[in-house]
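K.L.:
Quick one: the structure is below, questions incoming.
Please treat every number below as a calculation from the coordinates, not as lab data. For clarity, every value in this text was computed on a predicted model and none was experimentally measured. Neighbour counts run over all protein chains shown; Cβ positions are idealised from the backbone, glycine included.
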Amino acid sequence: MTAQTAITADDLGEAVGKIAAFAALSLHESFPHLSPDSLVETFTRDSATTMIAAGFLAGLDGGKTPGEAAGAVGADLMRAWADARNEARAQVDQQTATPDPVTGCPGPSRAHCAYCGSHRTRPDQLLPRGDTYCCGVPVCRGDRGDCVADLDGYEKSFTA
């Protein structure tokens, strides 16, 4: 670090705190449903403050002004937060995704989902025009040409 960019630990701590606070406020302004207190808490955890301090000092060493370094590391912090949030959302979405379809249809003896084969819908719950849904498709009464469910013979013993 050159003499012109040397800063004290107190100055670094103040810069890190301001960067975390401004990043939290910026995200809150764009997404008001996000709690600024929760964001500040997230951005002041050890891993985040280490990232902020390292990025800020690297920016200063790279010849940026303190304001430029703070802006760059604040933007990096918000991008890292958004990437982590998107990754977590993708994992949740993947865990709750629709199951893979099964093949074959047992016919009218058993109401079932035409996509996953589920039997959660009982015949007395079927609507007359087939608009009862499971997995986003109508429940099959055994009269649909596009049904792919394979319920393995034992399920055909169900009677309404």
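K.L.:
Regarding the stretch 1-50, what is the average projected area of its C-alpha convex hull, in nm²?
P.N.:
Details: hull surface 16.3 nm².
Hull-based average projected area comes out at 4.1 nm².
K.L.:
On to the next question. So for each of 10-18, 66-74 I average, over its residues, the number of other beta carbons within 10 Å; can you give me the resulting order with the highest mean first?
P.N.:
Listed from highest to lowest mean packing, they are 66-74, 10-18.
K.L.:
Give the calculated FRET efficiency between Leu12 and Leu34 to the nearest 0.05, with a Förster radius of 22 Å applied to their Cβ-Cβ distance.
P.N.:
On the way: r = 27 Å, r/R0 = 1.21.
Taking R0 as 22 Å, the efficiency between Leu12 and Leu34 is 0.25.
K.L.:
Something else about it: Fully extended, how many nm does the chain gain between Gln94 and Thr44 (0.36 nm per residue separation, minus their Cα-Cα distance)?
P.N.:
15.0 nm
K.L.:
Suppose the chain between Leu25 and Asn86 were pulled fully straight at 0.36 nm per residue; how much longer would it get relative to their current alpha carbon spacing?
P.N.:
Numbers: separation 61, 0.36 × 61 = 21.96 nm, distance 1.95 nm.
Length gained between Leu25 and Asn86: 20.0 nm.
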